[in-house]
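Since the structure comes first, as structure tokens, the remarks are kept for the end.
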């Protein structure tokens, strides 16, 4: 063992301490520009290059690394100690009053050592999908935390349905907790894709497979997906796995399956019929499904059993503000897609209500843009942090904008058109949340308020609107790279108070006002062919409503139907090319705006909390509907009787009138008989306000 002079020992220790302090502070070395090499790890580029040159020339090296094949690599102990607690302990702990200078690293190949040396001296790391696992394991063995960080970040970036389970298990085995947690969340969110694409899932042991399919956060629209995945897993090794059918059935919310699907695909499946232990579960589910059909005849409160309690949604839809009961509102509610319920949010904007505003989401922040409170037209904007539930004011726009159109592109918020109380606008501007600044962009080709915008293929599309004289059928597209608006082919119908949304590669345009009536018609734009084509009509005509895509369906929310504001919600599924009714909002409103946040860490704050009462709520609702029908029936019968009496009285009066007219005609034959018609004055009170 080579003896190191005290002066060298002191120099080594000073260098270690300086580098360690630099790393903790995250500040550059005085030798020049700093290179970020991990969380809180910075080092001067010039210093690294100098040290690397010393290493290449074997200058000032004071230790030797020995590999299994006998390769010897001279190194600088201070440099190794600065990035590895393993080497710091090895080189700085006294051993018989001497420092160890020759170190054998068993199990580390020459190629792996070369990869690590580049990081240690140059902070460069050459990793790919083939070597990342070996690099991470070696870095874990040698306690090189910077390499561990980079490897974990790389694995997070390459998470895919085909590899996410393997990455999660690997991370758990090597105590990479943050990576394991992110891989787990990826599995939960993307389970439908895993069900069809993942071979890794088929190889999972029963315990790990159960953990996945039993999770409350499993993102499945239908429990049918879970059942089909179970069959696929069993069929992969049916002889050894079919006995697990009961354990796996406990992971499914059997009560949420379609009744016909349960009877045909589950109850009578050979794996189930051959397993006597499954009978109690089948009986329980059949009883629940029967009780569901007869729920209104049940006496007393109905508790929702475990087999029918929905999972937790991954996306939350927020409906914010609007016009309700003749005035603007700041009411907020969220939609729980799994429970099919709207939930009131108590943390409303303390500055007051807004209608005809826009909303945009960046991260977990909801931005409320412009709008109208019944008196003032706003250029002010508000921001709601959905995690902390705190509202704050952000920079105002350059222009007041009511009936504004908003979109998000490349994490920037765009506000287009609108009405300032005097003029319809063709101006547009964008907001950068990193600088809290709005900046004007190119104006649109046309003035438009009450239009709607969305983002598709890295461009912004804006459709319809009102220009002060007429409802518009024009549309245009904005390219941020050229800062230019370009007109595209016009829509098939004129639409103001319209809503548009990007969905499956098309721009879908829904409802609106054509200058005569509110519309239930819809159409979609194909950017490849620059053409519009119709899709099925909504059930309810509406304008000034909110629209969003959630659970891979388009939701149309609230609005004005030409007579009154509505709270009806319906959704469109491209797979079936049909609209479906969804649960109504809690209040009637138009001129609202909606947005969706994905992956909220506090998602439980925005979902229906009493999942054990879902069936009781449904029972109460059905009873109320039945009572309304009965009341309507009684009223209709009374009205019918009253109408019959009126008709009889009118007929009697007409007979008397005819007799009098005949008598009068006989007395005055030259006097004409006048037939007075009834003129109806219909007051179409548009609660949306003046376009």
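Structural remarks
- Matching residues, region 290-308, being surrounded by fewer than 18 Cβ atoms within 10 Å (Cβ to Cβ) and either touching a helix residue (DSSP H, G or I) at 6+ places or on another chain (Cβ under 8 Å) or not in a loop (DSSP other than H, G, I, E, B) (or both): 290, 291, 292, 293, 295, 296, 297, 298, 301, 303, 305, 306
- Within region 308-334, being at pLDDT 95 or above and farther than 28 Å from residue 257 by Cα holds for 319, 320, 321, 322, 323, 324, 327, 328, 329, 330, 331, 332.
- With respect to being buried (at least 17 other Cβ atoms within 10 Å of the Cβ), part of a loop (DSSP other than H, G, I, E, B) and assigned by TED's automatic domain parsing to the domain that holds residue 543, residue 469 falls outside the description.
- The numbered conditions (1) without any contact (Cβ under 8 Å) to a residue 24 or more places away in the chain; (2) touching a strand residue (DSSP E or B) at 6+ places or on another chain (Cβ under 7 Å) are all true for residue 469 except (2).
- Flag if residue 239 is out of contact with any helix residue (DSSP H, G or I) (no Cβ under 8 Å at 6 or more places or on another chain), closer than 16 Å to residue 165 by Cβ and surrounded by fewer than 21 Cβ atoms within 10 Å (Cβ to Cβ): no
- Residue in region 511-523 that is under 19 Å from residue 442 (Cα atoms) and either surrounded by fewer than 24 Cβ atoms within 10 Å (Cβ to Cβ) or in contact with a strand residue (DSSP E or B) (Cβ under 8 Å, 6 or more places away or on another chain) (or both) present: no
Quick grid of which residues meet (1) surrounded by fewer than 19 Cβ atoms within 10 Å (Cβ to Cβ); (2) assigned to a helix (DSSP H, G or I); (3) outside the structural domain of residue 549 (by TED's automatic domain parsing); (4) at pLDDT 95 or above:
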| position | (1), (2), (3), (4) |
| --- | --- |
| 186 | no, yes, yes, yes |
| 196 | yes, yes, yes, yes |
| 199 | yes, no, yes, yes |
| 202 | yes, yes, yes, yes |
| 219 | no, no, yes, yes |
| 228 | yes, yes, yes, yes |
| 231 | yes, yes, yes, yes |
| 244 | yes, yes, yes, yes |
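- The listed residues are 395, 355, 386, and the only one of them that is farther than 22 Å from residue 312 by Cβ and buried (at least 24 other Cβ atoms within 10 Å of the Cβ) turns out to be 355.
- Residue pairs meeting the criteria (Cβ under 8 Å; at least 6 apart or on separate chains; first assigned by TED's automatic domain parsing to the domain that holds residue 369 and without any contact (Cβ under 8 Å) to a residue 40 or more places away in the chain, in region 413-426; second assigned to a loop (DSSP other than H, G, I, E, B) and buried (at least 24 other Cβ atoms within 10 Å of the Cβ)): 425/401; 425/417; 425/418; 425/448; 426/417; 426/448
- Scanning region 382-401 turns up one or more residues that are at pLDDT 95 or above and under 30 Å from residue 492 (Cβ atoms).
Table: residues versus (1) under 28 Å from residue 467 (Cα atoms); (2) free of Cβ contacts under 8 Å to residues at least 40 places away in the same chain; (3) not assigned by TED's automatic domain parsing to the domain that holds residue 444.
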| site | (1), (2), (3) |
| --- | --- |
| 351 | no, no, no |
| 356 | yes, no, no |
| 364 | no, no, no |
| 370 | yes, no, no |
| 377 | yes, no, no |
| 381 | yes, no, no |
| 389 | no, no, no |
| 400 | yes, yes, no |
| 404 | yes, no, no |
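- Subset tally (residues that are crowded, with 16+ Cβ neighbours inside 10 Å and in a loop (DSSP other than H, G, I, E, B)) for region 246-258: 4
- Condition check for residue 494 on (1) assigned to a loop (DSSP other than H, G, I, E, B); (2) touching a residue at least 24 places away in the same chain (Cβ under 8 Å); (3) within 20 Å of residue 368 (Cβ to Cβ): one failure, at (3).
- Any hit, region 579-590, residues being in the same structural domain as residue 322 (by TED's automatic domain parsing) and under 18 Å from the mean Cα position of the chain (by Cα): no
- Single match in 48, 25 (criterion: modelled with pLDDT under 55, assigned by TED's automatic domain parsing to the domain that holds residue 142 and within 29 Å of residue 152 (Cα to Cα)): 25
- Only residues that are more than 24 Å from the chain's Cα centre (by Cα) and assigned to a loop (DSSP other than H, G, I, E, B) were counted in region 504-526, giving 4.
- For beta carbons closer than 8 Å, sequence separation of 6+ or different chains, a first residue in region 534-547 that is farther than 27 Å from residue 360 by Cα and a second that is part of a loop (DSSP other than H, G, I, E, B), the qualifying pairs are 534/492; 536/577.
- All positions within region 309-327 that are within 22 Å of residue 364 (Cα to Cα) and assigned to a loop (DSSP other than H, G, I, E, B): 311, 312, 313, 314
- Candidates in region 569-588 are the residues that are part of a loop (DSSP other than H, G, I, E, B) and without any contact (Cβ under 8 Å) to a residue 40 or more places away in the chain; of these, the one that is surrounded by the most Cβ atoms within 10 Å (Cβ to Cβ) is 576.
The values are calculated or read from the model by the stated rules, or taken from the named source; none is laboratory data. Owing to the predicted nature of the structure, the values given are computational and were not obtained by experimental measurement. Glycine gets a Cβ as well: all are built from the backbone with ideal geometry, and neighbour counts include every protein chain shown.
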